[in-house]
Amino acid sequence: VARVEPGAVLLDDGTRLPAGAVVVGIGARPATAWLAGSGIALGTHGEVLADAHLAASLPDVYAVGDCASFPSARYGERLLVHHWDNALQGPRTVAANIVGGGREVYDPVPYFWSEQFGRFVQYAGHHADADRTVWRGDPADPAWSVCWLRGDRLVALLAVGRPRDLAQGRRLIGSGAAVDPERVADPARPLKSATV
């Protein structure tokens, strides 16, 4: 895209695409360039590489929020979460590690929410390595959910207008409880009743 004009998008090859509306998603990048040469290890996205306790690569330095990635034992990979809930949860772990001298591990169930076109949208978990998708309701309806399973475990959930699904699903993800996919698929049943 070279530029956006009233009623159109102009591409760099001269192509003009008519557009009544343009949605731009630019993503997020941690503003960590100021750390260059400091000894703080940065990841491929420019984020501070924190360990499972949110400690950075230098002694007595911690990193939280959307500028830091952390290894998730729950998901078996390093996560970089760009939502204020992550920035709210991380400092509790850091405080426990600083004050208590403990080795508190940070491995939350990632969470975010948004309001889109009058609908409350919530997501919990991380579905990159899910092997099954289960729908709860019809996405054409005002309220529905989609669940991602890995084996018989719920690993992520997107809820549109179904906050109870989100709350119960987030607890199921956190506990690692096994679930029955057929019960998960029934939108009339509480999600918590899908455990086996």
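Taking T133, T32, T15 in turn, the Gaussian network model of the chain (Cα-Cα springs below 10 Å) assigns the largest fluctuation to T15. Taking amide H positions as modeled 1.01 Å from N, with prolines and chain starts lacking one, the residues under 5 Å from A178 and 5 or more places away or on another chain are V196.
What does the accessible area per residue of segment 31-108 come to in Å², with a 1.4 Å probe and no ligands, DNA or RNA counted?
Details: 4130 Å² over 78 residues.
Per residue, segment 31-108 has 53 Å² of solvent-accessible surface.
What do the square roots of 5 times the Cα gyration tensor eigenvalues come to for segment 98-188, in whole Å, largest first, as semi-axes of the equivalent ellipsoid? It would help to have the intermediate numbers written out before the result.
On the way: eigenvalues 132, 60, 20 Å².
Equivalent ellipsoid semi-axes, largest first: 26, 17, 10 Å.
Listed options for Rg and Dmax of the Cα atoms in Å are (i) 16.5, 53; (ii) 27.1, 122; (iii) 20.4, 61. The value calculated from this structure is the one marked (iii). The fraction of accessible area contributed by carbon and sulfur in the chain is 57 percent, rounded to a whole number (1.4 Å probe; ligands and nucleic acids excluded).
Of the chymotrypsin sites (Phe, Trp or Tyr not before Pro) found in segment 84-141, the ones in coil according to DSSP and having at most 10 other Cβ atoms within 10 Å of their Cβ are F117.
Here, P(r) means the percent of Cα pairs in each 10 Å bin from 0 to the largest distance; for segment 17-121 it is 14, 40, 28, 12, 5, 1.
The values are calculated or read from the model by the stated rules, or taken from the named source; none is laboratory data. Everything numeric in this text was worked out from a predicted model, so none of it was measured. All Cβ positions, even for glycine, are placed from backbone atoms using ideal geometry, and neighbour counts span all protein chains on display. In case anyone asks, the SASA skips ligands and DNA or RNA and just uses the protein heavy atoms, side chains included. Shrake-Rupley method; radii C 1.70, N 1.55, O 1.52, S 1.80 Å.
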